[in-house]
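Just below is one structure, and these are the notes that go with it.
The values are calculated or read from the model by the stated rules, or taken from the named source; none is laboratory data. As the structure is a prediction and not an experimental result, all values here were calculated from the model. We place every Cβ from the backbone using ideal geometry, glycine too, and count neighbours over all the protein chains shown.
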Amino acid sequence: MNVRDLLNTRVQAALDACHAEGTAGIQTAGKPEFGDYQANGVMAAAKRQKRNPMELAADVVGALQLDDVADSIDIAGPGFLNIRLSTNFIADNLVLGTPLLEAQDPPQHTVVDYSSPNLAKEMHVGHLRSTVIGDAVARALEVLGHRVTRQNHVGDWGTQFGMLLEYLEETDGANSASDELKDLEEFYRRSRERFTADDAFAQRARAKVVALQRGDENVLAQWRHFIDVSLSHCDEVYQHLGVTLSRADVMAESAYNEDLNNVISSLAQQGLLTESDGAQCVFLDQFKKKDGEPLPVIVQKSDGGYLYATTDLAAIRYRTHKLGASRVLYFTDTRQVLHFKQVFAVARTAGFTTDDASLEHMPFGAMLGTDGKPFKTREGGVVHLTDLLNEAEQRAFELVSEKNPTLTETERLEIARVVGVGAVKYADLSKNRGSDYVFDWDQMLAFEGNTAPYLQYAYARIQSLFRRGDISVQSLDGTLRPSEPAERDLAIALLRFQENVELVARDGYPHVLCAYLYDLTTKFMRFYEQCPILTAQSLSARDNRLRFSHRTAETLRAGLSLLGIETVDRM
Ligand code: ARG
């Protein structure tokens, strides 16, 4: 049940009944002591009608039908409505054994373009954000019943592959190809070195690019081998990260090669192409440089080569026309904001997208070190994701061993994996993606505050409660009926799961779900301190509190799993 939507509908109906123009504007209450939700829309509606907001608010309350939902509606300040949910409504909607989430209607088909690394190099921290944020949003959409097509738009084409393949051939002479490719970053560095140091090598590398583009079978085979090895590196990282991407989701840049000349000819036919310095460009009125000069979208270079934007135009056509997606989401860093604005605008103008499809770039900021500079190794190199995750597990292992020396090493290793990887992902997901964020080991592994370990620990604590009481969940079926204030606060938090997941699916900001889970956990901890569970006064109070605990654990597990984070039963 999405309580916020329900209240929006009801208050909207009341506004309509009062002939007031405007929206209900339901939000979580800023001051929980006055209510659970507030409606903010009355003031604006009153202004439009040139009416006293307090008077209109009184009329709206008069017309408002919320008997089955709320036990009080108060008018506050300049015309807010404070709404307090009734105990019956809460209990009716919190029933153990019922699903935590319901599907949205109608279901939509959404393409989620995320991770999408360039395969010439190894995955590094620069790919972390797109991979984990995109994955969380894809999961949220899916759990709400939408159809999701993941698209890993990997960069597998371009001039650097000439250099890499030439170097592969050179080292392959010693038959060490598989070894050489173990560390792609190293391999890239060494081939780059060869390329700059040796003219003959560079010439052969350029010839390779030409042969590759011409479709020379031998070169293509070398290229396929290289891409396959590089994708295996990605698969390892995805698996380690617990990300849902598989080979089936790879739709590489090269997959659009055949279609690129169609993109150009279609633009030409529609009279949208202008030649500028030998390059084919699209000029649109809305894109100007700072000095007012028109800013082109280049779609074909003077040597006939295509660009990143050309491929994206082909991809939009494929995703909307061929796959029939009604939304396409892109997760890249903020440096590509202009690129997507331009590509979306060209696609609209040229009809490469269906009319009703929504193209949405979901940009994110950079990952910084604790010094506030881009996150690097101590030597100033790029941090490989594999190394980062290994370090996270190691640090978590030390922490877990310190806290729980009696657990076996196997248990501690498993907990360390779940906590370490979870901490890295959560640290990223819990920050508003719009800004840069500081990667800080101590903060993300803390057992206090808005961190994965804090939430995972709360989950484990609830499991241990059930172990201690030797309680089977089956025996508990029934509603959660709050009576103590701490129970009520927890109940309201539990009720808000649906609306928060829906927000993530709509806006693509997973930090909203993190903030929700953190709030839920804080409420649970307070409940746990204030309301004795196993030693409750009566059996019915005990069972009711056990239901609260179990529902909290289920919500935490489901919420973390939407973020791609696991839980453990003890830690
Ligand atoms: N490969 C690109 C990069 O590493 C990201 C691709 C994003 N997706 C897209 N359709 N352009 O920057």
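Descriptive notes on the structure:
- ASP291 surrounded by fewer than 18 Cβ atoms within 10 Å (Cβ to Cβ), away from the ligand (no atom under 16 Å from the Cβ), assigned to a loop (DSSP other than H, G, I, E, B) and over 25 Å from the mean Cα position of the chain (by Cα): yes
- If you go through the stretch 187-217 and keep only what is over 19 Å from TRP157 (Cα atoms) and charged (D, E, K, R), you end up with ARG190, GLU193, ARG194, ASP198, ASP199.
- Boolean, THR349 is modelled with pLDDT of 95 or more, surrounded by fewer than 18 Cβ atoms within 10 Å (Cβ to Cβ), within 16 Å of the ligand (Cβ to nearest atom) and not hydrophobic (A, V, I, L, M, F, W, C): no
- Residues of the stretch 191-205 that are within 29 Å of SER115 (Cα to Cα) and either surrounded by 15 or more Cβ atoms within 10 Å (Cβ to Cβ) or under 35 Å from the mean Cα position of the chain (by Cα) (or both): SER191, ARG192, PHE195, ALA205.
- Residue match in the stretch 148-161 (condition: touching a His at 6+ places or on another chain (Cβ under 9 Å) and either within 15 Å of the ligand (Cβ to nearest atom) or part of a strand (DSSP E or B) (or both)): yes
- Matching residues in the stretch 30-45 - criterion: being among the small types (Gly, Ala, Ser), part of a loop (DSSP other than H, G, I, E, B) and over 13 Å from ILE75 (Cα atoms): GLY30
Conditions tested, residue by residue: (1) away from the ligand (no atom under 16 Å from the Cβ); (2) of a type in the set (D, E, K, R); (3) farther than 23 Å from LEU144 by Cα; (4) at pLDDT 95 or above.
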{"position": "LYS50", "(1), (2), (3), (4)": "yes, yes, yes, no"}
{"position": "ALA57", "(1), (2), (3), (4)": "yes, no, yes, yes"}
{"position": "GLY62", "(1), (2), (3), (4)": "yes, no, yes, yes"}
{"position": "VAL69", "(1), (2), (3), (4)": "yes, no, yes, yes"}
{"position": "THR87", "(1), (2), (3), (4)": "yes, no, yes, yes"}
{"position": "ILE90", "(1), (2), (3), (4)": "yes, no, no, yes"}
{"position": "GLY97", "(1), (2), (3), (4)": "yes, no, no, no"}
{"position": "ALA103", "(1), (2), (3), (4)": "yes, no, no, yes"}
{"position": "SER115", "(1), (2), (3), (4)": "no, no, no, yes"}
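- Residue in the stretch 307-323 that is over 22 Å from the mean Cα position of the chain (by Cα), charged (D, E, K, R) and within 16 Å of the ligand (Cβ to nearest atom) present: yes
- Qualifying residues in the stretch 491-512 (those that are aliphatic (A, V, I, L, M) and under 10 Å from the mean Cα position of the chain (by Cα)) - the one farthest from PHE364 (Cα to Cα): ALA505
- For CYS281, the conditions (1) more than 16 Å from the ligand (Cβ to nearest atom); (2) not in a strand (DSSP E or B) are fulfilled apart from (2).
- Residue in the stretch 98-113 that is hydroxyl-bearing (Ser, Thr, Tyr), more than 22 Å from ASN544 (Cα to Cα) and in contact with a His (Cβ under 9 Å, 6 or more places away or on another chain) present: yes
- Checklist (1) more than 29 Å from the chain's Cα centre (by Cα); (2) more than 26 Å from HIS384 (Cα to Cα); (3) surrounded by 13 or more Cβ atoms within 10 Å (Cβ to Cβ) applied to TRP223, failing item: (2)
- Filtered residues of the stretch 508-517 (kept if touching a Leu at 6+ places or on another chain (Cβ under 7 Å), in a helix (DSSP H, G or I) and in contact (Cβ under 8 Å) with a residue 24 or more places away in the chain): HIS511, LEU513, CYS514, LEU517
- Residue match in the stretch 223-240 (condition: more than 16 Å from the ligand (Cβ to nearest atom) and not in a helix (DSSP H, G or I)): no
- For LEU503, the stated conditions do not hold, so it cannot be described as in a helix (DSSP H, G or I) and buried (at least 21 other Cβ atoms within 10 Å of the Cβ).
- Scanning the stretch 298-338 for residues that are assigned to a loop (DSSP other than H, G, I, E, B) and without any contact (Cβ under 8 Å) to a residue 40 or more places away in the chain gives LYS301, SER302, ASP303, GLY304, GLY305, LEU307.
- Residue check, GLY79 surrounded by 21 or more Cβ atoms within 10 Å (Cβ to Cβ), at pLDDT below 95 and more than 15 Å from the ligand (Cβ to nearest atom): yes
- When restricted to residues that are in contact with a Phe, Trp or Tyr (Cβ under 6 Å, 6 or more places away or on another chain) and within 10 Å of the ligand (Cβ to nearest atom), the stretch 121-133 contains 2.
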